[in-house]
Amino acid sequence: MTIEVRVPTLGESVTEATVATWFKKPGDAVAVDEMLCELETDKVTVEVPSPAAGTMGDIVASEGETVGVDALLATIAEGGEAAAPASPAAEQKPQADAPAVSGGDSVDVMVPTLGESVTEATVSAWFKAVGDSVAQDEMLCELETDKVSVEVPAPAAGVLAEISAPEGTTVDATAKLAVISSSGAVAAAPAAASTPTESSSSKDVEDAPSAKKAMAEAGVSRDQVTGTGRDGRVMKDDVAKAVAAAASAPAPTAAPRGPVSADDASREERVKMTRLRQTIAKRLKDSQNTAAMLTTYNEVDMTEVMALRNEYKDLFLKKHGVKLGFMSFFTKACVHALKEVPEVNAEIDGTDVVYKNFVHMGIAAGTPSGLVVPVIRDADAMSFAAIEKAIAEKGARARDGKLSMAEMQGGTFTISNGGVYGSLMSSPILNPPQSGILGMHKIQDRPMAIKGQVVIRPMMYLALSYDHRIVDGKGAVTFLVRVKEALEDPRRLLMDL
């Protein structure tokens, strides 16, 4: 019996991964739950265990390939059987004088699910040509959307009889990409032979009447709109998207590179951005474009927190087995302030505001591969010791690249500590869909006027970035003042003041 090894669920909003390493090769014996391969996403590394004991069969997705959720990775012959060979149909060679495909033995290759809010994709590359034999789940082509690249596997074994959407074609979420013939027959006139001018931009395509009217009213030309209907037909929604995009189009995200001399070019090094870095860049820019982000500042005198920490740190370590740091104080202070200003702990969902009666605290952590934000769940119900243990454990897992997707999802508020890198003041960027993020900074001795006298105090600047669509200035300032008060007099936390 042949067991399929497929891509596991990668987490919310993650639709693809890259096969990083195979630990087994065809013919190797494998045990149940033994690690077969490792996948890399733009956020975490995922290990794929064996679903059964047996012998490693075919490896469908080689190292370096990009695969979607539930895509076939490999097969296992249960009980030590020899790996099942590819379907005979996949091994058939197309005949030169093959007739047109009959309707009874063909399988349509459709656009797979592209993900929430994604309605179209562009065919970027075909890995097979008309007449090529294909095995089931073998990659046929790659689609590009505005979010991810999606590889399309063959739904059945056979011969690629027809390509309906050539490279460069824009297709909607229900479009047909190709036809596979199980008998090996090839279509008489494959679409792959068509020229680019005969694709979705053909003048013979009749746009929806409502779209024509919308384009005329908005003063938008046909070439400014990308059609998502069948064969590239422009629909009314496409016009609305084009108008909205034109209205909100920012300046170019990056100026084109200027001329580079041959001497300078020889001393440059070009390295492709990692998936994680690309995702970080996109999410941060999306945050700026979506939220009405504003930052308010204050400063806190860390004298009392530092004195309390110095007094009890040895006893704390002896009893709880973890060091007493500043993060538990800040987490407690934020939880205290969020109770008074709940909109900072809320999020916008369409036209609704969702208030959270709990605090899942995100703690931003720098790692060798980029910034990640593990989440401390129900931080509002945790002790100082539990918070410190959770932060230490998740921080170590983050540095080792072992955080799961679940550990980085569901946060309601975030704390970012730039002070560990020496930052004196900065404006943190929101972590969508959250409405607030607190920026901590370097503790620096500064002269302060205290009761009419100038004294030196350990001071820290605090920054609260917030979404002004849901949080008013009064609420933001109140939140930051409550955090300041709790840290300058930690006894307030014990008395819930």
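The values are calculated or read from the model by the stated rules, or taken from the named source; none is laboratory data. Every value quoted in this text rests on a predicted model; they were computed, and no experiment measured them. Reconstructed Cβ throughout: ideal geometry from the backbone, glycine too, with neighbour counts over all protein chains shown.
Residues of the range 111-138 that are of a type in the set (A, V, I, L, M, F, W, C), at pLDDT 85 or above and crowded, with 16+ Cβ neighbours inside 10 Å: Val111, Val123, Trp126, Val130, Val134, Ala135. You will find that of Leu371, Leu324, the residue that is within 27 Å of Thr45 (Cβ to Cβ) and not in a helix (DSSP H, G or I) is Leu371 and no other.
With respect to (1) part of a strand (DSSP E or B); (2) closer than 16 Å to Glu304 by Cα, the lone exception for Leu494 is condition (1). Considering the range 144-170, the residues that are touching a helix residue (DSSP H, G or I) at 6+ places or on another chain (Cβ under 8 Å) and not in a loop (DSSP other than H, G, I, E, B) include one that is modelled with the lowest pLDDT, namely Thr170. There is at least one residue in the range 410-424 that is at positive phi, touching a His at 6+ places or on another chain (Cβ under 6 Å), of a type outside the set (D, E, K, R) and surrounded by fewer than 19 Cβ atoms within 10 Å (Cβ to Cβ). If the condition is being among the β-branched types (Val, Ile, Thr), touching a residue at least 60 places away in the same chain (Cβ under 8 Å) and either in the same structural domain as Val150 (by TED's automatic domain parsing) or in contact with a strand residue (DSSP E or B) (Cβ under 8 Å, 6 or more places away or on another chain) (or both), then the range 1-43 contributes Thr2, Ile3, Val5, Val7, Thr15, Thr18, Thr41.
Taken as a whole, the structure leaves Ala96 outside the set of residues that are at pLDDT 85 or above, over 22 Å from Leu177 (Cα atoms), more than 24 Å from the chain's Cα centre (by Cα) and not charged (D, E, K, R).
Yes or no, residue by residue, for (1) in the same structural domain as Asp378 (by TED's automatic domain parsing); (2) farther than 23 Å from Pro458 by Cα; (3) without any contact (Cβ under 8 Å) to a residue 12 or more places away in the chain:
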{"residue": "Met302", "(1), (2), (3)": "yes, no, no"}
{"residue": "Met306", "(1), (2), (3)": "yes, no, no"}
{"residue": "Asn310", "(1), (2), (3)": "yes, no, yes"}
{"residue": "Val322", "(1), (2), (3)": "yes, yes, no"}
{"residue": "Gly325", "(1), (2), (3)": "yes, no, no"}
{"residue": "Pro342", "(1), (2), (3)": "yes, yes, no"}
{"residue": "Tyr355", "(1), (2), (3)": "yes, yes, no"}
{"residue": "His360", "(1), (2), (3)": "yes, yes, no"}
{"residue": "Gly366", "(1), (2), (3)": "yes, yes, no"}
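The sole residue among Lys318, Lys332 that is assigned to a helix (DSSP H, G or I), free of Cβ contacts under 8 Å to residues at least 24 places away in the same chain and not acidic (Asp, Glu) is Lys318. Evaluate the following for Tyr461: is it closer than 17 Å to Asn345 by Cβ and of a type in the set (Phe, Trp, Tyr)? When the stated conditions are applied, Tyr461 does not pass them.
Given the structure, is Glu407 acidic (Asp, Glu), surrounded by 18 or more Cβ atoms within 10 Å (Cβ to Cβ) and over 30 Å from Asp445 (Cα atoms)? Here the answer is yes, as Glu407 does meet what is asked.
Scanning the range 61-81 for residues that are of a type outside the set (Val, Ile, Thr) and assigned to a strand (DSSP E or B) yields Gly68, Leu72, Leu73, Ala74, Ala77, Glu78.
Cβ-Cβ distances below 8 Å connect the following pairs, each with a first residue in the range 402-425 that is closer than 25 Å to Ala17 by Cβ and of a type in the set (D, E, K, R), a second residue that is modelled with pLDDT of 85 or more and assigned to a loop (DSSP other than H, G, I, E, B), and a separation of six or more residues or different chains: Glu407/Pro374. With the requirement that a residue be closer than 23 Å to Val48 by Cβ and among the aliphatic types (A, V, I, L, M), what does the range 397-416 give you? Matches in the range 397-416: Ala398, Leu403, Met405, Ala406, Met408.
For the range 352-400, the set of residues classified as more than 21 Å from His320 (Cα to Cα) and more than 21 Å from the chain's Cα centre (by Cα) consists of Asp352, Val353, Val354, Tyr355, Lys356, Asn357, Phe358, Val359, listed by residue number. Filtered by the rule that a residue be aliphatic (A, V, I, L, M), modelled with pLDDT of 85 or more and assigned to a loop (DSSP other than H, G, I, E, B), the range 33-60 gives Ala52, Ala53, Val60. Inclusion of Leu424 among residues that are modelled with pLDDT under 95 and not β-branched (Val, Ile, Thr) is warranted.
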